[in-house]
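Asks: One structure coming up, written as structure tokens, with questions to follow.
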Amino acid sequence: MKAPVAILLAALATTIVLAQQPPQRFGIGRPATDAEIKAEDIDIGPDGAGLPAGKGSAAEGATVYAAKCAQCHGKTGKEGPNDVLVGRGAFPSGADTTSRRTIGNYWPYATTVFDYIRRAMPSPAPGTLKDDEVYALAAFLLAENEIIPRDAVLDAATLRKVVMPARDKFVADSRNEKRKKQ
């Protein structure tokens with residue numbers, strides 16, 4: 001009598017264990033197409049690789065800013081209620097609790113300002129700005145932070161040349177280089 005119960009319990013335990021194993025394939029989804037991957041692969045790095053065609057001026061950016069950004073960042077970009085964008089105070093450090101991080105005192109690359117605006121703004125509808133609007137907003141914000149002249153026009157070539165005040169305050173992440181040497 002004990003042997004059949006032991007066999008039954010072993011079979012039951014095996015069934016429970018097997019039932020908890022995930023299937024090898026779920027049978028849902030499909031591989032992404034090259035066009036779908038390209039549509040999502042829009043990041044712009046510090047060197048500006050991948051910047052799209054287009055251009056924009058600070059004057060054009062002021063109009064876009066007033067319509068799509070001011071409600072979150074304030075009329076001039078200095079007020080908030082969300083992140084303050086304009087300000088050239090001291091570079092904020094870990095010990096400094098009074099300085100706010102802004103495009104003018106903290107951001108190391110103008111190309112990544114473009115990238116962030118393009119992918120994450122405006123907050124209620126990220127990714128909806130046209131490339132010309134993004135260039136214009138970048139020009140407006142860089143001009144407001146006194147980094148470029150107010151009459152400058154930004155495009156892929158000119159944006160790459162902008163040197164941000166905080167560029168030399170950042171230390172490159174060398175972890176990948178160390179891993180390659182090991």
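Laboratory data are not the source of any read-out in this text; all were calculated from the coordinates shown. Computed from a predicted model, the values in this text were never measured in an experiment. Here Cβ is always computed from backbone atoms with ideal geometry, including for glycine, and neighbour counts include all displayed protein chains.
Asks: Rg(Cα) of region 51-169 divided by 2.2 N^0.38 Å? All intermediate terms of the calculation are to be shown ahead of the outcome.
Replies: Working: Rg = 13.4 Å, N = 119, 2.2 N^0.38 = 13.5 Å.
Here the Cα radius of gyration is 0.99 times the empirical estimate.
Asks: Still on this structure, please answer the following. About the Cα centre, and with charges only on the beta carbon of Lys, Arg (+1) and Asp, Glu (-1), how big is the dipole of the chain? Nearest 20 debye, please. Don't jump to the answer; show the numbers that get you there.
Replies: Working: 24 positive and 21 negative charges, 157 e Å.
The dipole magnitude comes to about 760 debye.
Asks: Residue separation times 0.36 nm, minus the C-alpha to C-alpha distance between Asp151 and Asn176: what's the value?
Replies: Values: separation 25, 0.36 × 25 = 9.00 nm, distance 4.02 nm.
That pair, Asp151 and Asn176, stretches by 5.0 nm at full extension.
Asks: Aspartates and glutamates within cross-link reach of Lys55: Cα-Cα under 20 Å, excluding same-chain residues under 8 positions apart?
Replies: By straight Cα distance, Lys55 reaches Asp43, Asp47, Asp115, Asp131, Asp132, Glu133, Glu144, Glu146, Asp151, Asp155.
Asks: Modelling each spin label as a point 7 Å along the Cα-to-Cβ direction, I'd like the Ala120/Phe91 distance in nm, to one decimal.
Replies: 2.0
Asks: So which GluC sites (Glu not before Pro) in region 15-98 pass both tests, a DSSP loop state and at most 16 other Cβ atoms within 10 Å of the Cβ?
Replies: The qualifying sites are Glu79.
Asks: Sticking with this structure for a sec: State the answer as a single residue: which of Ser123, Val113, Val86 lies farthest towards the positive end of the charge dipole of region 64-148, with beta carbon charges of +1 for Lys and Arg and -1 for Asp and Glu, about the Cα centre.
Replies: The listed residue farthest towards the positive side: Ser123.
Asks: Could you tell me how far the Cα centroid of region 90-148 sits from the Cα centroid of region 16-76, in Å?
Replies: Their Cα centres are 17 Å away from one another.
Asks: Based on the Cβ-Cβ distance of Asp168 and Ala11, what FRET efficiency does E = 1/(1 + (r/R0)^6) give at R0 = 41 Å, to the nearest 0.05?
Replies: Working: r = 69 Å, r/R0 = 1.69.
Efficiency, rounded to the nearest 0.05: 0.05.
Asks: Stretched out fully, how many nm does the piece from Asp43 to Gln20 gain, at 0.36 nm a residue minus the Cα gap?
Replies: Values: separation 23, 0.36 × 23 = 8.28 nm, distance 3.96 nm.
Taking 0.36 nm per residue and subtracting the Cα distance, the gain is 4.3 nm.
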